[in-house]
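The values are calculated or read from the model by the stated rules, or taken from the named source; none is laboratory data. Since this is a predicted model, take the numbers as computed values, not measurements. Quick reminder, even Gly has a Cβ in these numbers, built from the backbone with ideal geometry, and neighbours come from all protein chains shown. Heads up: the accessible areas ignore ligands, DNA and RNA and are worked out on the full protein's heavy atoms, side chains in. Shrake-Rupley method; radii C 1.70, N 1.55, O 1.52, S 1.80 Å.
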Amino acid sequence: MGAGDHAWITGWGFGLQHSGTQPNCTLRVDQVEEGSHAFLAGLRVDDEIVSINREPSSSLSLSEAIALIKGSTDGLQLVVKRHLEEARLCLHLLDYHHWA
């Protein structure tokens, strides 16, 4: 997948935009489905993904990022940088179906 690629993350309710070249890639949230796990956890459009389950995202391809996210069956930890606030947030996106 080349620079500028997009992926929808089924089950979590958000989309990712990948740009740049390794080792300085950027993953940005470009869509959040209202009512989804991502929405309820506070993920926003334009949040930059800093890490996925403690794995720095700057060295990940979009395919690798998707594999890490899809492999997260019990919970997903994203650290994001919110550009408007210039803050890093740790979002715990839990798949509530596993807890029911």
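Computed from backbone phi, the HN-Hα couplings of the stretch 57-71 come to 7, 5, 9, 9, 6, 4, 4, 5, 4, 4, 4, 4, 5, 5, x Hz, rounded to whole numbers (Karplus: 6.51 cos²θ - 1.76 cosθ + 1.60, θ = phi - 60°; Gly and Pro given as x). With R₀ set to 22 Å, the beta-carbon distance separating residue 6 from residue 40 gives a calculated FRET efficiency near 0.50. For the stretch 1-77, the solvent-accessible area with a 1.4 angstrom probe is 51 square angstrom per residue.
In sequence order, the stretch 35-40 has phi-based couplings of x, 6, 4, 5, 4, 5 Hz under the Karplus curve 6.51 cos²θ - 1.76 cosθ + 1.60, θ = phi - 60°, and Gly or Pro positions carry x. Placing dummy labels 7 Å off each Cα toward the beta-carbon, the span from residue 61 to residue 82 is 3.3 nm. Under 5 Å between amide hydrogens, built in the peptide plane, is the criterion, and for residue 5 it picks out 18 among residues at least 5 positions away or on other chains.
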